[in-house]
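**Q** Would you mind keeping the following structure in view while I ask a few things?
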Ligand SMILES: Cc1cc2nc3c(=O)[nH]c(=O)nc-3n(C[C@H](O)[C@H](O)[C@H](O)COP(=O)(O)O)c2cc1C
């Protein structure tokens with residue numbers, strides 16, 4: 001039974017008609033890094049979700065690690081996103097922008113002035129970026145060696161996130177989600193085996209490991225209010241060759257408590273065990289990520305089936321369930337669940353890049369969600 005998935009939820013004042021979230025997914029269709037009509041159509045088709053979280057939107061040029069990702073740092077991008085949020089709102093939907101800084105998972109060719117990508121450390125790791133190959137075609141390239149952010153630059157990065165949050169507000173988003181998962185800039189600070197800094201943002205003590213993330217959270221909360229801010233994390237993830245960190249449990253318990261103390265809208269846990277990582281440990285950690293009496297909702301994503309998700313909500317372990325790949329192939333996912341219809345499978349060949357194929361041409365099979373023209 002999946003009925004509980006289809007019950008309403010109050011997300012810190014934003015009423016969600018169901019507990020079904022569309023997980024953030026980079027689709028790399030924005031050739032000019034600006035959302036366009038196709039982007040608006042794609043999200044409008046999925047407006048039946050309880051909540052949409054957009055693909056990662058870089059907060060600055062420095063935050064870019066993939067070609068064709070629509071950012072939130074120029075006026076043109078804000079206008080482009082405004083069309084997207086209008087289209088989603090017109091269809092009765094709710095949408096948060098995912099704010100993204102890839103940290104070291106970038107390449108000098110994508111960085112301002114051809115400079116090195118930034119991280120917590122200047123130790124190189126085996127990341128990749130999505131940039132131009134020597135023959136000019138887009139493809140995976142080894143990430144360039146990073147440079148460690150200076151302590152006095154952290155305020156500037158926090159300001160970039162705050163500015164992107166203000167841009168998201170101007171673009172009509174209901175809120176924002178900070179992408180602190182899967183190897184990108186925040187994880188470089190949170191992981192004690194990567195973060196070898198000797199200063200107050202270093203990996204040695206819990207307070208220092210959390211400091212970068214919490215300073216960015218606070219800068220964004222100051223702009224939007226805590227009720228409009230979520231944070232995505234991926235405890236125990238090894239995506240992007242992140243090393244296993246024996247301090248991860250301590251780090252994420254404490255981070256969850258800090259976010260709950262700030263009364264954030266939600267903590268979004270990405271269980272990456274389907275891509276590398278320990279799913280059992282993530283599940284075991286869930287109760288500790290939801291402090292007693294807190295109002296911060298807990299969202300889970302990663303290989304969920306509708307029945308599995310409903311069981312977790314029914315057991316009181318999570319509040320909301322996020323679906324990624326199912327949302328690619330089932331734009332009317334909620335309506336299909338309501339009607340008890342089978343789900344279509346998405347084609348990985350069209351996940352990233354390309355055109356309308358595999359993007360806006362998956363049909364809605366329920367009358368409730370006819371595609372906009
Ligand atoms: C094509 C694709 C792009 C993704 N891009 C992002 C992204 O931009 N930000 C993010 O946090 N996660 C991203 N993810 C991870 C998804 O949000 C989700 O957590 C993951 O697919 C697991 O959920 P699923 O098993 O329901 O697909 C992406 C996943 C896919 C398949």
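The values are calculated or read from the model by the stated rules, or taken from the named source; none is laboratory data. Keep in mind the model is a prediction, meaning the values are calculated, not measured. Neighbour counts run over all protein chains shown; Cβ positions are idealised from the backbone, glycine included.
**Q** Identify, from the list 156, 147, 115, 61, the residue that is free of Cβ contacts under 8 Å to residues at least 60 places away in the same chain, more than 16 Å from the ligand (Cβ to nearest atom), more than 30 Å from residue 4 (Cα to Cα) and within 19 Å of the chain's Cα centre (by Cα). Show your work before the answer.
**A** Details: 156 fails: within 19 Å of the chain's Cα centre (by Cα); 147 fails: within 19 Å of the chain's Cα centre (by Cα); 115 fails: within 19 Å of the chain's Cα centre (by Cα).
Residue meeting the stated conditions: 61.
Table: residues versus (1) within 16 Å of the ligand (Cβ to nearest atom); (2) over 19 Å from the mean Cα position of the chain (by Cα).
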{"residue": "268", "(1), (2)": "yes, no"}
{"residue": "278", "(1), (2)": "yes, yes"}
{"residue": "282", "(1), (2)": "yes, no"}
{"residue": "293", "(1), (2)": "no, yes"}
{"residue": "300", "(1), (2)": "yes, no"}
{"residue": "308", "(1), (2)": "yes, yes"}
{"residue": "315", "(1), (2)": "no, yes"}
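**Q** Please pick out the residue among 288, 329 that is modelled with pLDDT of 95 or more and over 25 Å from residue 12 (Cα atoms). Show your work before the answer.
**A** Numbers: 288 fails: over 25 Å from residue 12 (Cα atoms).
Sole residue among the options that is modelled with pLDDT of 95 or more and over 25 Å from residue 12 (Cα atoms): 329.
**Q** State whether one or more residues within region 207-221 are out of contact with any strand residue (DSSP E or B) (no Cβ under 7 Å at 6 or more places or on another chain), more than 15 Å from the ligand (Cβ to nearest atom) and part of a loop (DSSP other than H, G, I, E, B).
**A** No, region 207-221 has no match at all.
**Q** Within the set of pairs 6 or more residues apart or between chains, which connect a residue that is more than 16 Å from residue 70 (Cβ to Cβ) inside region 338-356 to a residue that is exposed (fewer than 14 other Cβ atoms within 10 Å of the Cβ) with Cβ atoms less than 6 Å apart?
**A** Listed by first residue and then by second, the contacts come to 350/357.
**Q** Sticking with this structure for a sec: Take region 117-170 and flag every residue that is part of a loop (DSSP other than H, G, I, E, B) and farther than 30 Å from residue 354 by Cβ. Reasoning before the result, please.
**A** Initially, region 117-170 is screened for residues part of a loop (DSSP other than H, G, I, E, B), giving 117, 120-127, 133-137, 143-146, 149-150.
Passing the criteria: 120, 121, 122, 123, 124, 145, 149, 150.
**Q** Another question, if that's okay. Enumerate the pairs (first residue in region 166-178 and closer than 14 Å to residue 59 by Cα and in contact (Cβ under 8 Å) with a residue 40 or more places away in the chain; second residue anywhere and within 15 Å of the ligand (Cβ to nearest atom) and in a loop (DSSP other than H, G, I, E, B)) with beta-carbon separation below 6 Å, excluding pairs fewer than 6 apart on the same chain, so at least 6 apart or on different chains.
**A** 167/72; 168/72
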